[in-house]
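The values are calculated or read from the model by the stated rules, or taken from the named source; none is laboratory data. Since the structure is predicted, the reported quantities are computational estimates derived from the model, not experimental observations. Neighbour counts run over all protein chains shown; Cβ positions are idealised from the backbone, glycine included. The protein model used for the area step is the full one, side chains on, heavy atoms only, and it has no ligands, DNA or RNA in it. Shrake-Rupley method; radii C 1.70, N 1.55, O 1.52, S 1.80 Å.
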Amino acid sequence: MTAANLSPLLTPASGLADALRNNGFAVASAETVGDIANTSLVSLEDISHFWEGLPRDPYLKDGGRYRYRRHASYEIQSNTLTLVPHRAHWQSVDYNALHGGIERWFEPMQAHLIANPAWQSLLLGLGALLSGQKPVTTWFVEAHQFRIDTTDGIGRPTPEGAHRDGVDFVAVFLIDRVGIKGGETRIFEASGSTGLRFTLSQPWSLLLMNDARMIHESTPIQPLGNYGYRDTLVLTYRSNGFQDSPNRSQQ
């Protein structure tokens, strides 16, 4: 792995397309995220409160109590965002050896978040950027709100380890980190040994990756005092339909 500063090199909005095309990833500031979403940073920060009170993830196979989340799925066609009926999150074991192969029915995102103009602009703006990388008819988007806390003394953002998600592009936004150490981001070339490590610290900063080219993980978090947590938003964009179980069920 190459040595890297824990503060990532940031790419301005004008350079995101080239960085993603040439390097397979880019890291952007919160201000640049506002540019992508064509909305103000204040408007994005106003939706951060939706990370309070997330339901606990009941599917952790390590028995942990440290992860909370909500989930929603969308389609984007011709710059039109459509919320699809609530569905299970499913990954094959090829992409998630720990939790793959099972349907995970997480609680849906809250209606007021779904209806928020800044939220909708974020998904559409990112979709427009990614369509410049890969022109598609429809983007199939999954949105995941996460809170990882230190209830168990340690919280694991990626208990499955270094992985890909089986999509075209992955966007990881840091929403907040409070009273913790750790939570370092690590990315690696899928076809080589080159890697980078850094820590996202600015609320609403972004790591954007070509999922076919990059493997990623986040290191565990520990509290600086009695308790801490790390909030993130993960958006995945896939061009050939949602990943669904071969034995898909309806809830």
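Points worth noting:
- Overall form of segment 174-251 per C-alpha gyration tensor (a/c, 1.5; a/b vs b/c): oblate
- Apportionment of accessible area to carbon and sulfur, the chain, percent (1.4 Å): 48 percent
- Taking the empirical scaling 2.2 N^0.38 Å for compact globular proteins as reference, segment 117-251 has a Cα radius of gyration ratio of 1.13.
- In sequence order, calculated HN-Hα J values of segment 42-53 (Karplus, 6.51, -1.76, 1.60; Hz; x Gly/Pro): 4, 5, 5, 4, 5, 9, 5, 5, 6, 8, 7, x
- Cβ-placed point charges (K, R +1; D, E -1), dipole of the chain about Cα centre in debye, nearest 20: 360 debye
- Length-normalised contact order for the chain - Cα pairs under 8 Å, 6+ apart - percent: 27 percent
- Positive dipole terminus of segment 161-223, leading residue within Asn210, Thr194, Val172 (C-beta point charges): Thr194
- Placed amide H near Ile175: partners under 5 Å, 5+ positions off or other chain: Trp204, Asp231, Thr232, Leu233
- Couplings 3J(HN,Hα) of segment 145-152, computed from phi: 8, 10, 10, 10, 10, 10, 3, 8 Hz, in residue order, whole Hz [Karplus 6.51 cos²θ - 1.76 cosθ + 1.60, θ = phi - 60°; x for Gly and Pro].
- Accessible area expressed per residue, the chain, with surrounding protein chains retained (probe 1.4 Å, Å²): 44 Å²
- The accessible area of Glu217, taken with all protein chains in place and a 1.4 Å probe, comes to roughly 40 Å².
- Taking all protein chains as shown and a probe of 1.4 angstrom, Ser239 keeps an accessible surface of around 30 Å².
- Gained length - Ser191 relative to Ala115, 0.36 nm times residue gap less alpha-carbon distance: 23.4 nm
- Cα-based shape type of the chain, given that a ≥ b ≥ c are square roots of the gyration tensor eigenvalues and the cut on a/c is 1.5: rounded
- Loop-located GluC sites (Glu not before Pro) across segment 1-64 with a Cβ neighbour count of 13 or fewer within 10 Å are Glu52, with loop assigned by DSSP.
- The stretch between Thr80 and Ala162, if pulled fully straight at 0.36 nm per residue, gains 26.2 nm over its current Cα-Cα span.
- Residues whose amide H comes within less than 5 Å of that of Phe169, counting only those at least five positions distant or on another chain, are Asp211, Tyr237 (H built at 1.01 Å from N in the peptide plane).
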